[in-house]
Amino acid sequence: MTKFLILGIETSCDDTSVSVIENGNIIRSNIISSQIDLHQKFGGVVPELAARCHLEAVLPIYRLALTEAGVSIHDIQLIAATYGPGLIGSLLVGLSFAKGLALAGEIPFIGVNHIEGHIYANILGHPEIEPPLLCLTVSGGHTDLLYMRKWGSYQVLGRTKDDAAGEAFDKISRVLGLGYPGGPYIDRIAVGAKDDLEFVQAKGFTNSFDFSFSGLKTAVMNYIQHQKQLGLELDVPRIAASFQRAVVTQLTVKLFQAVKDYEAGTILLSGGVAANTLLRRRCQTEAERLGITLYYPELSLCTDNAAMIAAAGYFHFINEGPRNLEITAASDLKL
Ligand SMILES: Nc1ncnc2c1ncn2[C@@H]1O[C@H](COP(=O)(O)OP(=O)(O)OP(=O)(O)O)[C@@H](O)[C@H]1O
Ligand SMILES: [Mg+2]
């Protein structure tokens, strides 16, 4: 089989990433430079700093990605870059860099929807995946339950009405005095902890596939405030574990209701929260019980990376050909 090499570029938020993949699903290199240390002291991403940091990082990361893949830019047959959704300043850095490379090297170019990238992270390592399928995309900015009749077709069954699941993890981690981003900290500290605290959740969405995490977040924060007013010490692992259980329960109840309604035989998890141990375990147990197949990306591919962008770009290129270079960054791009 001839090798088709794709260069992926991702700068939508606070990770600068460049990757080379082969034939849509084999990773040759996937360099990720995280800005976590820069934003940690602010408890969240500072857009202006993120954009400046991408500008400094993108060229060295690009060179590293080519070197590690053992290729030169002349071997690349397609350049795929995220053009939305994300922080506008951050997006513009990677997109402009990618367009410049494409123009100078007369290389076909494709703009990729970042959320579609998260979904395609599943293809890396699992080329056998075939729709129809259900996909639960849970990230820092999105919580979408999707039915995919075929690749590239997205029927949104439900999405969050307020905060994204990852956003709620980040917020609760911050009020508990844990680190940023919050998901991995809560995941770790919840291991083996009691998860018996019941936090009130929004009732309005029980009969739909829409999600809501804002009420849960407020309930946890009120509980913490109340404990402090009473002069009681916070049982951080117990609060974290109970919060995590509530999020995962909401996600899995809706996902498996949809499995039933749509008679799905395959489900995908995608986005940063797909790294969550409890979410993976609950989904695995339930999928095995129902005899259906569950996929989730390996840990390093759940959060932002350019290999997933290259994989999604390849799919569109093969089916629709290249896009023109007029494409511009779109911070609120939808699926
Ligand atoms: N183990 C984990 N458990 C729960 N959440 C996690 C875990 N690991 C990462 N996350 C969460 O995933 C989010 C980051 O994921 P991702 O990089 O996909 O989001 P994003 O790129 O900021 O947002 P989007 O993809 O919607 O634009 C953060 O909110 C982080 O707390
Ligand atoms: Mg992301």
One finds, for residue 253 and residue 96 with R0 = 45 angstrom and r their Cβ-Cβ distance, a FRET efficiency to the nearest 0.05 of 0.60
Output the antiparallel fraction of DSSP beta bridges having both residues in the range 20-133, as a percent to the nearest 5. 40 percent
In a shell of Cβ-Cβ distance under 10 Å around residue 43, excluding residue 43 itself, what net charge do Lys and Arg (+1) and Asp and Glu (-1) give? +2
Mean separation of Cα pairs under 8 Å and 6+ residues apart, divided by the residue count of the range 133-297: what relative contact order is that in percent? 27 percent
Would you kindly state how much longer the chain becomes between residue 59 and residue 73 on full extension, computed as 0.36 nm times their sequence separation minus their alpha carbon distance, in nm to one decimal? 3.8 nm
Enumerate the aspartates and glutamates that residue 3 could reach by cross-link, defined here as Cα to Cα under 14 Å, with residues fewer than 8 away along the same chain left out. 22, 75
Which aspartates and glutamates does residue 194 reach when only Cα atoms under 14 Å apart count, and residues fewer than 8 places away in its own chain are ignored? 235
So for the range 199-335, considering every pair of alpha-carbon atoms, how many percent are separated by more than 23 Å? 54 percent
If you take the C-alpha gyration tensor of the range 133-297, multiply each eigenvalue by 5 and take the square root, what semi-axes do you get, largest first, in whole Å? 29, 16, 14
Suppose each label sits 7 Å from its Cα in the direction of the beta carbon; what would the residue 277-residue 130 distance come out to in nanometres? 3.6 nm
Among 7, 124, what is the fewest-to-most ranking by other Cβ atoms within 10 Å? 124, 7
Taking the square root of 5λ for each eigenvalue of the C-alpha gyration tensor of the range 118-177, the equivalent ellipsoid has semi-axes, largest first and in whole angstrom, of 27, 14, 6
Determine Rg/Rh for the range 74-186; Rg is computed over alpha-carbon atoms and Rh is the Kirkwood hydrodynamic estimate from the same atoms. 1.05
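Which pairs, out of 150/334; 41/171; 161/228, put more than 23 Å between their alpha-carbon atoms? Don't skip to the answer; put the middle values down first.
On the way: 150/334 18 Å; 41/171 14 Å; 161/228 30 Å.
Too far apart for the 23 Å limit: 161/228.
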Just the ratio, please: alpha-carbon radius of gyration of the chain over 2.2 N^0.38 Å, N its number of residues. 1.01
P(r), alpha carbons of the range 269-332 - 5 Å bins starting at zero, rounded %: 4, 14, 17, 17, 15, 13, 10, 6, 3, 1
What distance in nm lies between label points placed 7 Å from Cα along the C-beta direction at residue 334 and residue 48? 3.2 nm
At q = 0.12, 0.17 Å⁻¹, what is the log10 ratio I(q)/I(0) for the range 1-153, with the Debye formula run over Cα points and no solvent? -0.53, -1.03
Mind giving me the nanometre distance, one decimal, between the label points for residue 36 and residue 234, set 7 Å out from Cα along Cα→Cβ? 2.0 nm
If I stretch the segment between residue 174 and residue 320 completely, what's the gain in nm (0.36 nm per residue apart, minus their alpha carbon distance), one decimal? 48.2 nm
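Quick note: the coordinates plus some simple rules give every number you see, no bench work behind them. Keep in mind the model is a prediction, meaning the values are calculated, not measured. Cβ sites come from the backbone with ideal geometry, for glycine too, and all protein chains shown count toward neighbours.
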